[in-house]
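The values are calculated or read from the model by the stated rules, or taken from the named source; none is laboratory data. Since this is a predicted model, take the numbers as computed values, not measurements. Every residue, glycine among them, receives a Cβ derived from its backbone with ideal geometry; neighbour counts consider all protein chains shown.
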Amino acid sequence: MPKKYHLLVVDDEEPLRHLLESELSEADEFDVDVAADGGEAINLIQAKVYDVMLLDIRMPRVSGIEVLKFVQEYSPATQVIILTNYADIKTAIQTIKLGAYDFLAKPYDIEEIFNTIHRAIERRQLSIDNKLMKSELSRKAGSNELIGGSVAFQQLVENATRFAESDSFVLIQGASGTGKELIANLIHRRSMRNNRPFVAVNCASIPDALLESELFGHEKGAFTNAFSTKEGLVEVANGGTLFLDEVGDISPAIQPKLLRFLETGEFRRVGGTNVLSVDVRVVSATNKDLREEVAAGRFREDLLYRLNVVSLRVPTLSERPDDIPLLVEYFLTRKAKSKHVKSLAPGVLEMLQGHAWPGNIRELEHVIEGAILLSSGDIIEEKDMMMYFHRQDQPVTAASPPAAAPSTALSLDEVERQHIGRVLRENNFNRARTAESLGISKKTLYLKIKRFGLAAGE
């Protein structure tokens, strides 16, 4: 069954507290904790990450307002629903300005409570999605589609699907550009956690000094410019899947802290003293041989064993040449600048299938994108591909040492500049017709002309 949402009911009235606990616990989707006062609630918040809190506004010693302020500071993603009576409606409205999601007036209607909780959960998810969109926009720009019909690829998908049914940690191994994150995403989507977040962290792209803070968060004042408390990505992923990409690049200084988290589910924010716990499944990926990294003293052996409960190996593109036609068709459609999709001339597909593809699927994608821009008609010819394969697939001989032949490969920017210039000339520099031919807006064309320095007569 899907992972449960964690609720905290805070009310000093024992009958009402137990009634809410009983009603909410009957729903399989909720895991419910209770607190009899504000002080107890604050202690629980410091030890566990909650999705939603039902908070009484009037309590002795520590009031609901004080608890709300603490939640906003310490666990801002937790959605707070204020419990009040009609006499405190004005105060309840003020709590909305302090960050509460909504308020419910006594006597409570249980159906209304359920509906409000579900809306609060949706709001929390939207907040998480927004955070991930901002920090991982480039990673989310890709597709989750898995393309391939070869035996090796289908076996990989079958194994990934089988592993998804458990909660075991998975280590995905494979060269760069083979699609390891797509496999991780497949595991999440086929798992019982698919209703919770999938959070991807590229461990190689984050400096060591920031990686711990990104993973585990930090407290206000923990270091310079830490002006407020920040939740770590392990909290964002609570109940879902945490994907550690390029895990082999994590520094030895961070590895012990990651190991402790993997073993216990517990962590401390940078600058904090309280131990928090979350429930996440960890899927990791690397393009390195971690056993060689262990032998070289760069990676902890116990961390490798913890990550590698079960493992998958993603085949290189050269190991699955039968999938190249499917991938090419997919990229031709996806990269088309207009509704009309270009096709390959006879012989081009054989050229692609005969290439070694050291950059794997990512390299194939870039080659197809460049060929679409370079080709002048609806057919991509062999000449449109030659700049990518010139000499690099030819055998090295004494008469033609590799250092003697400068590379003729062009960057994608140069390919785009040449293609736009050619289409402009074909349309006598009529921007409206050129933009229509390219499948872009006139404004975009104007910006590209300005960027590439294209002018009539070039």
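At a glance:
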{"quantity": "Residue identified as among the hydrophobic types (A, V, I, L, M, F, W, C) and surrounded by fewer than 19 Cβ atoms within 10 Å (Cβ to Cβ) among 278, 283, 314, 310", "calculated": "310"}
{"quantity": "Number of positions in the range 69-97 that are farther than 15 Å from residue 54 by Cα and in contact with a helix residue (DSSP H, G or I) (Cβ under 9 Å, 6 or more places away or on another chain)", "calculated": "3"}
{"quantity": "Qualifying residue in the range 333-355 (condition: more than 30 Å from residue 235 (Cα to Cα) and under 23 Å from the mean Cα position of the chain (by Cα))", "calculated": "yes"}
{"quantity": "Matching residues, the range 350-361, being under 17 Å from residue 181 (Cβ atoms) and surrounded by fewer than 16 Cβ atoms within 10 Å (Cβ to Cβ)", "calculated": "none"}
{"quantity": "Selection from the range 91-116 of residues that are modelled with pLDDT under 80 and either hydrophobic (A, V, I, L, M, F, W, C) or exposed (fewer than 11 other Cβ atoms within 10 Å of the Cβ) (or both)", "calculated": "92, 107"}
{"quantity": "Residue 346 being within 30 Å of residue 45 (Cα to Cα) and not aliphatic (A, V, I, L, M)", "calculated": "no"}
{"quantity": "Single residue of 13, 66 found to be within 16 Å of residue 113 (Cβ to Cβ) and either of a type in the set (Val, Ile, Thr) or touching a residue at least 24 places away in the same chain (Cβ under 8 Å) (or both)", "calculated": "13"}
{"quantity": "Verdict on residue 331 being aromatic (Phe, Trp, Tyr) and crowded, with 21+ Cβ neighbours inside 10 Å", "calculated": "no"}
{"quantity": "Among (1) within 30 Å of residue 195 (Cβ to Cβ); (2) outside the structural domain of residue 151 (by TED's automatic domain parsing); (3) surrounded by 17 or more Cβ atoms within 10 Å (Cβ to Cβ) - the single one residue 272 does not satisfy", "calculated": "(2)"}
{"quantity": "Residue match in the range 334-347 (condition: modelled with pLDDT of 90 or more and in a helix (DSSP H, G or I))", "calculated": "no"}
{"quantity": "Of all residues in the range 172-183 being surrounded by 22 or more Cβ atoms within 10 Å (Cβ to Cβ) and among the hydrophobic types (A, V, I, L, M, F, W, C), the one that is farthest from the chain's Cα centre (by Cα)", "calculated": "172"}
{"quantity": "Residue ID - surrounded by the most Cβ atoms within 10 Å (Cβ to Cβ), chosen from residues in the range 371-383 that are in contact with a His (Cβ under 9 Å, 6 or more places away or on another chain) and in a helix (DSSP H, G or I)", "calculated": "374"}
{"quantity": "Subset of the range 239-269 [surrounded by fewer than 17 Cβ atoms within 10 Å (Cβ to Cβ) and small (Gly, Ala, Ser)]", "calculated": "251, 253, 265"}
{"quantity": "The range 184-231 - residue that is in a loop (DSSP other than H, G, I, E, B) and at positive phi and, of those, surrounded by the most Cβ atoms within 10 Å (Cβ to Cβ)", "calculated": "221"}
{"quantity": "Total residues in the range 40-74, condition over 32 Å from the mean Cα position of the chain (by Cα) and either part of a loop (DSSP other than H, G, I, E, B) or farther than 25 Å from residue 89 by Cβ (or both)", "calculated": "8"}
{"quantity": "Only one of 69, 90, 4 that is closer than 26 Å to residue 273 by Cβ and basic (Lys, Arg)", "calculated": "69"}
{"quantity": "Considering residues of the range 124-147 that are modelled with pLDDT under 90 and in a loop (DSSP other than H, G, I, E, B) only, the residue farthest from the chain's Cα centre (by Cα)", "calculated": "146"}
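For (1) in the same structural domain as residue 371 (by TED's automatic domain parsing); (2) in contact with a strand residue (DSSP E or B) (Cβ under 9 Å, 6 or more places away or on another chain), each residue gets a yes or a no:
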| position | (1), (2) |
| --- | --- |
| 235 | no, yes |
| 249 | no, yes |
| 281 | no, yes |
| 285 | no, yes |
| 299 | no, no |
| 328 | yes, yes |
| 336 | yes, no |
